[in-house]
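Take a look at the structure set out below.
The values are calculated or read from the model by the stated rules, or taken from the named source; none is laboratory data. This is a predicted model, so every value here is computed, not measured. FYI the Cβ positions are ideal-geometry reconstructions off the backbone, even for glycines, and counts take in every protein chain you see. SASA here: full protein model, heavy atoms, side chains in, ligands and nucleic acids out. Shrake-Rupley method; radii C 1.70, N 1.55, O 1.52, S 1.80 Å.
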Amino acid sequence: MTWLAAATTAVPEETTQQAVGYPSLFLLVLIGALVPVVPTGALVSSATVVALHRTAPFSLALVFVTASLAAFLGDAVLYCLGRRGLGSRNGSRWLETLRSRAPEDRLRQAQTLLAEHGIAVLVLSRLVPAGRIPVMLACLLARWPLHRFSRGNLPACLAWAATYQMIGVLGGSLFSEPWAGLLTAVALTVLLSAAPTAWRRLRRLLPAHRSN
């Protein structure tokens, strides 16, 4: 009877956690797609670690579906807002925000790659840290319609969610305690996000050092 009582109390508790957790993940990833300063990759990895330690089936699948759908919808909304800015005489706040987060060299590179490879570049853009916004802006400036952007953005969001889930699975499987796996997944996500920026700064510093 003791195990039956424990199971009875565990099921509603886990159901309550899911009822709160998945909508929260959806909302945070959606906001992160609109406001790129929110670390959405770390959110997905953290949610994956928590899902690994749950007894309910399909937790990982629910995290994947929730994260990829929220990312896709957030990107679609941001793209529509950017298109409105292109059609406005004075531009828009959202379009200016995109421009401010896309350095000129990265934007030129994204435009060149987009012209050469098309949708394939959009699919890969979410897997490259800080690559989403320059490619999205390049699509906007190329006047891609929403349906063409969405055709490439859907597999991009699916691949993005799967990648950060794998990071969460890696971090969560290394430790039996959820908090240790959570910290590991977040650390791996931060390192992955920071690596390209650190590499670019190092490349700029090397010529200056050699000239001295």
**Prompt:** When the chain is fully extended, how far beyond the present Cα-Cα distance does Leu146 get from Gln109, taking 0.36 nm per residue of separation?
**Reply:** 11.1 nm
**Complete:** Residue-ordered couplings for segment 119-126, obtained by feeding phi - 60° into the Karplus form 6.51 cos²θ - 1.76 cosθ + 1.60 and rounding to whole Hz (Gly and Pro as x), are 4, 4, 5, 5, 4, 7, 4, 6
**Prompt:** Which whole-Hz ³J(HN,Hα) couplings does segment 69-80 yield from phi under the Karplus relation 6.51 cos²θ - 1.76 cosθ + 1.60, θ = phi - 60°, glycine and proline marked x?
**Reply:** 5, 5, 5, 5, 5, x, 5, 5, 5, 5, 5, 4
**Request:** Report the calculated FRET efficiency for Ser24 and Glu116 (r = Cβ-Cβ distance, R0 = 45 Å), to the nearest 0.05.
**Result:** 0.65
**Request:** Rank these residues by their accessible area, most exposed first, probe 1.4 Å: Thr66, Thr97.
**Result:** Thr97, Thr66
**Fill in**
Rounded to a whole %, the carbon-and-sulfur portion of the accessible area of segment 53-149 at a 1.4 Å probe is 59
